[in-house]
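To start, the structure itself, in structure tokens.
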Amino acid sequence: MVYLVRIVLVFALIASQGFAALGDAIAGGPERSEPSFKWRTRSIPIAFSASLLRQSPNIKYGSDVIGVVLRSLRTWEAAAGIEFKETYTDKQNVSPQGIAGDGVSLITFAPTAENAILFAKNPEDVAATTRVFFDGRGRITEADIVLNPYQQFSTDGTFGTFDLQSTLTHEIGHLLGLAHSPMRGSSMHESFAKNGVFGLQGFSLRTLAESDRTTIRAKYGPAESDLDCCGSISAKLVRPDGRSASGADVWIEDAETGRIHAQATTNADGSLQVGGLDSGSYTLFSQRKSRARNSIPAQEIGNVTVEAGETAALTKRLISGPDDIDVKYIGFNGQISGSVIPVNAGKTYTIYLGGKNLSAKTSSISFSSPHLTVVPNSLTTHDFGDDFSVISFEMSSDSKTSVGEYSVFVDSPRGGRSVVVGGIAVRTFINPYSNFVLEAN
Ligand SMILES: [Zn+2]
């Protein structure tokens, strides 16, 4: 009963203010497909608005704002061969929509009317916005980042506020031409938890996911020190009926550790190309994006070895199977959501899963990582009515688990499979909860 009450509370949190979209990247000019968006040079000018130097009413007093902005920029610089050239400006407002902006790529926190109007439609749902301008060839000519003046930000984990660094790290990804990622542990995931959801501080997206690094390297090439990089994978997926498997989510794991290195969605012809990969052995998996008439469970596509400068190719006819299980949410500390659970290596946590036809009696849970294990006999069913089911289990991470993003695999007895791709993020900042704390409750 205690669990039931807790889980109900979580839904209230998600619906009201626990989660918010990190802010859509808005195209300044005509709509275009994103993957081609890219700066022409690897040296990118960025102007800090004088508003970053003033005390803002929506940023916790005493926050080291410039330090946070610089750390967010350095995080991306460390991942790829790019360099930001910072200057200061008196400008306060993002450029209005049009073919081109004013030519100055601005980071501004100024709560001016011109900036606030960007959030007028959804002041409660969006943390920040990036407006990107580009030319006819998809080359970015300007990108402006603005914080939502109706939201509160902090750098010290204050519950109920957004973490400023996680927010900026996401928006700088848009500034560099990245779109949202469906992978939950990605800094480019479309939503993330405010400080306080799961009883945790919202620091996990300060750290780029390995898949974010792969994506940015594919765009701009590796950092000079990154000698191991980069190779590519080219894959083509065919449905069981022989037609192209378009729109399938594919994720690429280190074959040994299960850590996710890349994520992609297949094109209309079932093909996909992933560049920016470190040399190594990878296992590819796919999961359909929306329910197909002929059901295709989540499944392994195959293994490939990637070498720097080479493209490894792979074709796979997907296997049909029952569509009798579906995991939509993952949770922690009595709360479930569409986000990611940040954990530490060498600890044991109680993890929740929510979705369709989940049961401690029939569902089996596993990890592709040898460092993550399900504690035997720890599965528990939580009563949540007929249409929605919730189970929990204890997950142990051994002390050798690398920082990174990992998936939770859930199987039905009939062969159905659903995967929470990147639902577990191993991080170095401390998740202080343990099963001892939960059990003491
Ligand atoms: Zn976004």
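Counting only DSSP beta bridges with both residues in the chain, tell me the antiparallel percent, nearest 5.
70
Between ASP156 and SER295, what FRET efficiency follows from the Cβ-Cβ distance if R0 is 41 Å, with the result rounded to 0.05?
Step by step, r from the Cβ atoms, then E = 0.30.
Which of rounded, prolate or oblate describes the range 241-386 when judged by the alpha-carbon gyration tensor and an a/c cut-off of 1.5?
Oblate is the answer for the range 241-386, as a/c is 1.5 or above yet b/c matches or exceeds a/b.
Taking the simple approach of a point 7 Å from Cα along Cα-to-Cβ for both SER271 and PHE388, what is their distance in nm?
4.2
For the chain, what is the calculated [θ] at 222 nm in deg cm²/dmol (nearest 500), taking -39500 (n - 2.57) for each run of four or more DSSP H residues and dividing by its residue count?
-4000 deg cm²/dmol
Separation between the ALA116 and GLU83 pseudo-spin-labels, each 7 Å from Cα along Cα→Cβ, expressed in nm?
About 4.1 nm, to one decimal.
Carbon and sulfur: what percent of the chain's accessible surface (1.4 Å probe)?
That share works out to 51 percent.
Above 24 angstrom, tally the Cα pairs of the range 326-440 and express them as a % of all pairs, no decimals.
Everything past 24 Å amounts to 18 percent.
When ligands, DNA and RNA are left out and all protein chains stay put, how many square angstrom of accessible area per residue does the chain have with a 1.4 Å probe?
That works out to 41 Å² for each residue.
For the range 242-289, run through the trypsin sites (Lys or Arg not before Pro) and keep only the ones in DSSP coil with at most 15 other Cβ atoms within 10 Å of their Cβ.
ARG243, LYS289
Dimensions of the chain along principal axes (Cα, Å, largest first)?
63, 52, 40
Could you state, as a whole-number percent, how many of the C-alpha pairs of the range 25-179 are farther apart than 18 Å?
In whole percent, the long-distance tail amounts to 55.
Find how much the distance from SER320 to VAL403 grows on full extension, using 0.36 nm per residue of separation minus their present alpha carbon separation; answer in nm with one decimal.
So the chain would gain 26.5 nm between SER320 and VAL403.
Using r as the Cβ-Cβ distance of ALA100 and SER225, and R0 as 41 Å, what FRET efficiency do you calculate, to the nearest 0.05?
Computed FRET efficiency for ALA100 and SER225: 0.70.
Take the alpha carbon gyration tensor of the range 146-275, find the square roots of its eigenvalues, order them as a ≥ b ≥ c, and report rounded if a/c is under 1.5; if not, report prolate when a/b exceeds b/c, else oblate.
Prolate is the answer for the range 146-275, as a/c is 1.5 or above and a/b outweighs b/c.
Please state the relative contact order of the chain as a whole percent: Cα pairs under 8 Å, 6+ residues apart?
Taking the mean separation of contacting Cα pairs over the length of the chain, I get 14 percent.
The values are calculated or read from the model by the stated rules, or taken from the named source; none is laboratory data. No experiment lies behind these values; they were computed from the predicted model shown. Quick reminder, even Gly has a Cβ in these numbers, built from the backbone with ideal geometry, and neighbours come from all protein chains shown. Surface areas here come from the heavy atoms of the whole protein model, side chains and all, with no ligands, DNA or RNA. Shrake-Rupley method; radii C 1.70, N 1.55, O 1.52, S 1.80 Å.
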